[in-house]
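Novice: First the structure, which I've put down as structure tokens, then a few questions once you've had a look.
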Amino acid sequence: MNTTCIAVSNMRPCCRMLLSCKNSSIFGYSFRKCDHRIGTNLSKKQFKVYGLRGYVSCRGGKGLGYRCGIDPNRKGFFGSGSDWGQPRVLTGGCRRVDSCGRSVVVNVASDYRNHSTSVEGHVNDKSFERIYVRGGLNVKPLVIERVEKEEKLREEEGRVGVNGLNVNIGDSKGLNGSKVLSPKREVSEVEKEAWELLRGAVVDYCGNPVGTVAASDPADSTPLNYDQVFIRDFVPSALAFLLNGEGEIVKNFLLHTLQLQSWEKTVDCHSPGQGLMPASFKVKNVAIDGKIGESEDILDPDFGESAIGRVAPVDSGLWWIILLRAYTKLTGDYGLQARVDVQTGIRLILNLCLTDGFDMFPTLLVTDGSCMIDRRMGIHGHPLEIQALFYSALRCSREMLIVNDSTKNLVAAVNNRLSALSFHIREYYWVDMKKINEIYRYKTEEYSTDAINKFNIYPDQIPSWLVDWIPESGGYLIGNLQPAHMDFRFFTLGNLWSIVSSLGTPKQNESILNLIEDKWDDLVAHMPLKICYPALEYEEWRVITGSDPKNTPWSYHNGGSWPTLLWQFTLACMKMKKPELARKAVALAEKKLSEDHWPEYYDTRRGRFIGKQSRLYQTWTIAGFLTSKLLLENPEMASKLFWEEDYELLESCVCAIGKPGRKKCSRYAAKSQVV
Ligand code: GLC
């Protein structure tokens, strides 16, 4: 029998929702043991009064049960049903049909949705044919603890990497206690230490690895949220594991975060979009009410409601999609991305990003601090980092989305956005000597569709540092573009990721790397790499950061040096066939990182000091270093992680061809940028 039992009970201090049944399936997971506890039904009124907080929890070790608690901030969205592949729109009130029935699930879910402060559902029903149906699909069950039989086999065969790589490095025991072969090559002591630390940062949920904590400094008594698994921080860890032939942790991470995505989340009675992925999550082991001596693991996500500044984790979903594709490419496990729940997860994220708004540009409009720089740094609007990740996620989705009647509109929207976005960035974000000179001579107040100075940029905005800094050859993509505003700062992640994803034209990509080489002393210096250049100082620092004492000039996000950016630099160099440049940067890092205890970031203009408030034993510093090493050793694997120009995207367009007054169709123009 394949059923799902739902019971809702009311407990103190918060309500608990218990879900599990023998052989049941929820979100594609199957559970071995039935938890028969059935509580009282939770009325619609109660949902309203208390709001709900959802915990995914697991008790008693591997796959024994599935518990979901709820607290005043979050709600879970649960579902299972038999309408495999049948889109259903969730409607109706809070009604229980039977003690073990789907309709309870459906109604609970719809009840949440009815309380959403968003109207997005209606908007997107039109555009993307009601992709909201989620748990209502009877998805392929997955056993969490040991995901694939093939993987098991591989491990038994001595943990030969999924792609024939065999550089497993570690102690006598691997991630899951399995035997690790001695590596094929000599690894440095620094690398050995890094692997040990990375493995030590692994977080288990119900006995299975699901991610890595942001930092694990034993001497840090106030880790704040650095003891959580951050989505963006986990990416280099995931790549290190994948490149080392270990796919399980990544698969678990992708599936568990997918569950978290579907929870309805509220911040002060407002619900952000359903596809939102958390910034981070924590695995907590909590005592079970009324069961002395018993405890359970729970997943507790943070969607920004606890984050300093309440910043929205816009990049999380984009990273999730990018990682899903990387997992597929590096393991060859195409089954995961094809799953109904995974496909739905991709669509929910895209849906959030592609929703119509008031935007005039194809770039994604976000608030300050919505990415790696997750505090006020004057990057609200259309920051390059988000656009580059958005573009990459769209390219990933284009490869991964299964095209059928219900997705064809979404796929068309993805294609259109890709070409419009690349045209916009290539044309308007690009600066080099010639372009800056053009801006310097701009006329302002032009009113017409033919305006040259489309964004009404006042030439006085060109900062004095840039006039001297911009090299004769080489250029870069600026940090942000808004009406009458160009942020000329160089943001490293956005520029690197533009190279990796081919958001820039082939020539632009080459020029960006040339600029980094040319400006090595400013952007790399003693420690790769500056998060942005230059720092905001004096009045600018006061006004733009709000006098942030953590983001003082040349510290942290404000011109600090972040070793984690090394892996993205390595990937970009490898794509542009300049691995020697990456090697130079890796060697610099290797010389200092271990000695300095793997800091999160470095301070000062040339990155000489360990950052003022820098965490030590920062996992993405460690993982970024290891990933860089592995990429350099395995160019073939690296090539699976970047994209070349997609000429198909530059081809035919339906947008404005033939419309009078619209001279430049973006696809046509995009093509002419390249060819
Ligand atoms: C800081 C960083 C952010 C990172 C987090 C965990 O908040 O700004 O990018 O994800 O720490 O390392």
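Novice: Would you mind checking K530/K612; K282/K329; K434/K530; K575/K629 for any pair whose Cα atoms are more than 22 angstrom apart?
Specialist: Cα-Cα > 22 Å for K282/K329; K434/K530; rest within.
Novice: Loop-only check: which chymotrypsin sites (Phe, Trp or Tyr not before Pro) in segment 334-428 are DSSP coil with at most 13 other Cβ within 10 angstrom?
Specialist: Loop-located and lightly packed - F358.
Novice: Using a cut-off of 13 Å between beta-carbons, work out the net charge of the residues near P599 (Lys and Arg +1, Asp and Glu -1, P599 not included).
Specialist: With Lys, Arg at +1 and Asp, Glu at -1, the neighbours total -2.
Novice: Give me the net charge of S216's neighbourhood, meaning all other residues with Cβ under 10 Å from the Cβ of S216; Lys, Arg count +1, Asp, Glu -1.
Specialist: Counting the neighbours of S216, the net charge comes to -2.
Novice: Moving on to the next point. Grab the other residues whose beta carbon is less than 12 angstrom from that of G317, score K and R as +1, D and E as -1, and report the net.
Specialist: Charge balance near G317 sits at +1.
Novice: What order do you get for 472-484, 285-297 when each peptide is scored by the mean count of other beta carbon atoms within 10 Å, highest first?
Specialist: 472-484, 285-297
Novice: For segment 309-385, just the Cα set please: Rg and Dmax, both in angstrom.
Specialist: 14.7, 41
Novice: Same structure again: Whole number in Å², please: accessible area per residue of segment 225-362, 1.4 Å probe, ligands, DNA and RNA not counted.
Specialist: Result: 28 Å² of accessible area for each residue.
Novice: Going by amide H atoms built from the backbone, whose H comes under 5 Å of the H on S502, apart from near neighbours?
Specialist: Here the answer is W643, since their amide H atoms fall under 5 Å of that of S502.
Novice: Follow-up. Provide the FRET efficiency to the nearest 0.05 for the A484-K577 pair, computing r from the beta carbons and using R0 = 56 Å.
Specialist: 0.90
Novice: From largest to smallest, what semi-axes in whole angstrom does segment 214-258 give when each is the square root of 5 times an eigenvalue of its alpha carbon gyration tensor?
Specialist: Here the semi-axes work out to 23, 13, 8 Å.
Novice: Further question: Can you tell me the alpha carbon radius of gyration of segment 420-557 divided by the globular rule-of-thumb value 2.2 N^0.38 Å?
Specialist: 1.08
Novice: Share of Cα-Cα pairs in segment 452-493 beyond 14 Å, in percent?
Specialist: 54 percent
Novice: Which number comes out as Rg/Rh for segment 490-623 once both Rg and the Kirkwood Rh are worked out on C-alpha atoms?
Specialist: Result for segment 490-623 is an Rg/Rh of 0.98.
The values are calculated or read from the model by the stated rules, or taken from the named source; none is laboratory data. Quantities reported herein were computed from a predicted structural model and do not represent experimental measurements. When we count neighbours, we look across all protein chains shown, and the Cβ atoms used for this are built from the backbone with ideal geometry, even at glycine. Just the protein is used for accessible areas: all its heavy atoms, side chains included, with ligands, DNA and RNA removed. Shrake-Rupley method; radii C 1.70, N 1.55, O 1.52, S 1.80 Å.
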